Every structure is written in C-alpha cells, then in structure tokens.
Amino acid sequence: MKKTLKIVGYFFLVAFIVIQFIRPDKNQGSLESIAAFQEDTSTPENVMVILKTQCFDCHTNVTKYPWYAEIAPFSFWLDDHIFDAKKHFNMSEWSSFSAKKKDHKLEELIEEVEEGEMPLPSYTWIHGTLSDADKKTLLDWANIARLNYERELQVSSE
C-alpha cells in the first residue's frame, strides 16, 4: 500500500512539473483597444478607474496577470475564465457592436452589478469587491450611457 501511494505521488509530481511547460496564450492587447468604448459611452475618469480595477482584466483584450497566472493549473483556469468573460462582454470589441448590442451589453452590465453577480466572487477574493459608492457610480453611468443607444434605436426605427 505504501509503495502504491509513493508511485501515485511521484506520478502527480511528474505530471505537475510537465504541465508547467504547457502555457495558454496571454490576453495582452493594447489599451488603445478600449478607446472606442470610452469615447462612445462618454466614460468619465472616475468610472474608468472602477472599470480598470474591477473589469478590464477579464472584459477587455488587456489583462494584468497576477503572479499565480504562471503556475498551472491556475494558468488554465484563468485563461478559461477570461475567454468566457470576453465572450459575454468585451469592451475592446465595442466598435464592432451594433447600437442594439451595445444597449444590451450595458443592460447586462447593470443587471450583473445590481444582482451582485459581477465581479465574480473568485475575483473579489484577491482583488476586492465594489464598494456601494462604486456600484452606484458605475450603475448611474451605465444607465446614462444606455440612453444614447435607446435614442439611437428609436430614431432608426422611425
């Protein structure tokens, strides 16, 4: 029995070492990719600070990776997390969205923040959560930004 446990332990050690050499691609674009989003939504600096600290890492093409992102299996978990987040809402792709899609994305942002779904608990453990004041600032801005797209959609439907 002891011998079997030792063999299993060695197997896991070797597997852990080998997996360190397999790296997912990094999400390292340019901050310029966010300029269209910021301009189009008239994002003030205080909101940009909130977005940069709480949202950009997963919802843009620019991620500042923590130290543990270099260690598998965390690197794979982060890669999957970022890929999934960008699938739902990617500020770097904002200029390619229609007015209807932009409005819908902001509506989803509002819902996720109001319901406490964003930022994810796994993110807030390390990076901290949104304060009530930050939530209010973010929600007020998103609701105002949505008005522009709602007006645009009304004009185009007339």
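None of the figures in this text is laboratory data; all of them are computed from the coordinates on show. Quick caveat, the model's predicted, so the values are computed rather than measured. Positions of Cβ are generated from backbone atoms using ideal geometry, with glycine treated the same way; all protein chains shown enter the neighbour counts.
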Starting from the Cα of Glu70, move 7 Å in the Cα-to-Cβ direction to define the label point; list residues of the range 1-35 whose amide nitrogen is under 20 Å from there.
16-29
Say we join alpha carbon atoms closer than 10 Å with springs in a Gaussian network model of the chain; which of Phe21, Phe74, Phe11 then has the biggest fluctuation?
Phe11
Taking the 0 to 90 degree range and rounding to the nearest ten, how far is the long axis of helix 99-114 tilted relative to the main principal axis of the chain, both from C-alpha atoms?
60 degrees
Which residue, chosen from Tyr68, Asn46, Ser98, occupies the Cα position most advanced towards the positive end of the dipole of the range 2-157, where the dipole is computed from +1 (Lys, Arg) and -1 (Asp, Glu) charges on Cβ about the Cα centre?
Tyr68
Taking the dipole about the Cα centre of the range 2-157, with the C-beta of Lys and Arg at +1 and of Asp and Glu at -1, give me whichever of Ile144, Phe89, Val14 is farthest to the positive side.
Val14
Under 5 Å from the placed amide H of Met118, counting only residues 5+ away or on other chains, we find Val113
Could you pull out the pairs from Lys64/Lys102; Lys6/Lys86; Lys6/Lys26; Lys102/Lys136; Lys3/Lys26; Lys6/Lys87 whose alpha carbons sit more than 31 Å apart here?
Lys6/Lys86; Lys6/Lys26; Lys3/Lys26; Lys6/Lys87
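Can you give the charge dipole size of the range 1-152 about its Cα centre, rounded to the nearest 20 debye, using +1 on the beta carbon of Lys and Arg and -1 on the beta carbon of Asp and Glu?
Dipole of the range 1-152, to the nearest 20 debye: 980 debye.
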Span from the the range 19-35 Cα centroid across to the the range 99-139 one, whole angstrom
23 Å
I want the local charge near Asn46. Using Cβ-Cβ distances under 14 Å, sum +1 for each Lys or Arg and -1 for each Asp or Glu among the other residues.
0
Take Glu117 and Ser156, extend 7 Å from each Cα along the Cα→Cβ direction, and tell me the distance between the two endpoints in nm.
2.4 nm
Karplus-derived HN-Hα couplings along the range 61-75 (A = 6.51, B = -1.76, C = 1.60, θ = phi - 60°), whole Hz, x at Gly and Pro
8, 10, 10, 8, 7, x, 4, 6, 6, 8, 10, 6, x, 4, 4
If each residue of separation counts as 0.36 nm, what is the full-extension length gain between Val49 and Ile7 once their alpha-carbon separation is subtracted?
10.0 nm
Restricting to Cα pairs under 8 Å and 6 or more apart, the percent relative contact order of the range 2-157 works out to 26 percent
Rounded to whole Hz, the Karplus (6.51, -1.76, 1.60) HN-Hα couplings of the range 21-34, x for glycine and proline:
8, 9, 10, x, 5, 8, 9, 10, x, 9, 5, 4, 5, 9
Give the long-range amide H neighbours of Val62: residues separated by 5 or more places, or on another chain, with amide H under 5 Å away, using H modelled in the peptide plane at 1.01 Å from N.
Gly29
Taking θ = phi - 60°, what integer Hz values does the Karplus form 6.51 cos²θ - 1.76 cosθ + 1.60 yield along the range 42-52, in sequence order, with x for Gly and Pro?
6, 7, x, 4, 5, 6, 4, 4, 5, 4, 4
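Using the per-residue mean of other Cβ atoms lying within 10 Å as a proxy for protection, in what order, highest first, do the peptides 82-91, 64-73 fall? Intermediate results must be reported in sequence, preceding the final value.
Numbers: 82-91: 16.5, 64-73: 12.3.
Peptide ranking by packing, descending: 82-91, 64-73.
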